[in-house]
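See below for the structure under consideration.
The values are calculated or read from the model by the stated rules, or taken from the named source; none is laboratory data. All values reported here derive from a predicted model rather than from experimental measurement. Because the Cβ atoms are built from the backbone with ideal geometry, glycine has one as well, and the counts that use them run over all protein chains shown. Please note that ligands, DNA and RNA were not included when accessible areas were found on the heavy atoms of the full protein model with its side chains. Shrake-Rupley method; radii C 1.70, N 1.55, O 1.52, S 1.80 Å.
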Amino acid sequence: DSGVTQTPKHLITATGQRVTLRCSPRSGDLSVYWYQQSLDQGLQFLIQYYNGEERAKGNILERFSAQQFPDLHSELNLSSLELGDSALYFCASGASGNTGELFFGEGSRLTVL
Amino acid sequence: DQQVKQNSPSLSVQEGRISILNCDYTNSMFDYFLWYKKYPAEGPTFLISISSIKDKNEDGRFTVFLNKSAKHLSLHIVPSQPGDSAVYFCAAQPSNSGGSNYKLTFGKGTLLTVNP
């Protein structure tokens, strides 16, 4: 158990819809990272938040947005969903000062039909 | 443009033998490298890392080797066990990461199967 909690584990929705994925980081971790893993792809970095503020942005589409709340949990909002958005979405957290060791949740599997 | 490449999608070895997983990178700004292991239906878990100031780091059965001039790293597992069967991701981090973790770049992963 990594200590990172993601909900929901599975989500099936239709094209054009909007979904919200939720992540609670490990206790004490200030950073939250979102990654996308599509079929046959590695983990693609989407966005990082640190203590409520956006810290880094990767290959995140404009239809996607995220935020981190005062209690440090984070939400990833995916809108105007397309078939190609079907993927595993991972949240990870890590303590400040660590070098690269992230703790991943089990992921949210999104299927867009 | 893939900055971290794992060219072997899969590898199969016999129990007790050595498993060697390879990874190449193109970005010379990367200076910290990690391996993550992922079982089905679970998130990736950190396995071992190496800083660019070293060429080898060992942790039990796992050893990571770094060849900076070739921009290549490898993970050796000796002896391999059936429980090592998983997807292994190579990841890299740039030197301008600052005081917090920052934008790890992952390879596509290699599925290792260790046969009893």
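Okay, here's what the table says:
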quantity	calculated
Residue match in region A:31-43 (condition: part of a loop (DSSP other than H, G, I, E, B), of a type in the set (A, V, I, L, M) and surrounded by fewer than 20 Cβ atoms within 10 Å (Cβ to Cβ))	yes
Test: residue in region B:97-109 that is open to solvent by 20 Å² or more (accessible area, probe 1.4 Å), of a type outside the set (Phe, Trp, Tyr) and either in contact with a Lys or Arg (Cβ under 7 Å, 6 or more places away or on another chain) or in contact (Cβ under 8 Å) with a residue 40 or more places away in the chain (or both)	yes
Every residue from region A:44-65 that is within 8 Å of chain B (Cβ to nearest Cβ) and in a loop (DSSP other than H, G, I, E, B)	A:Gly58
Identity of the residue in region A:68-82, over 11 Å from A:Thr20 (Cα atoms) and within 15 Å of the chain's Cα centre (by Cα), that ends up most open to solvent (accessible area, probe 1.4 Å)	A:Phe69
Count of residues meeting criterion [of a type in the set (Val, Ile, Thr) and within 12 Å of another protein chain (Cβ to nearest Cβ)] in region B:4-43	1
Filter pass, B:Gly83 being surrounded by fewer than 20 Cβ atoms within 10 Å (Cβ to Cβ) and on the phi > 0 side of the Ramachandran plot	no
Criterion violated by B:Cys90 - all others in (1) within 11 Å of B:Phe33 (Cβ to Cβ); (2) among the hydrophobic types (A, V, I, L, M, F, W, C); (3) at pLDDT below 95 satisfied	(3)
Residue count for region B:44-95, restricted to those that are assigned to a strand (DSSP E or B), of a type in the set (D, E, K, R) and away from chain A (no Cβ under 14 Å)	2
Filtered residues of region B:5-51 (kept if open to solvent by less than 50 Å² (accessible area, probe 1.4 Å) and without any contact (Cβ under 8 Å) to a residue 40 or more places away in the chain)	B:Gly43, B:Ile48, B:Ser49, B:Ile50, B:Ser51
Scan of region A:1-15 for residues that are within 13 Å of chain B (Cβ to nearest Cβ) and open to solvent by 30 Å² or more (accessible area, probe 1.4 Å), ordered by number	A:Asp1, A:Ser2, A:Gly3, A:Thr5, A:Lys9, A:His10
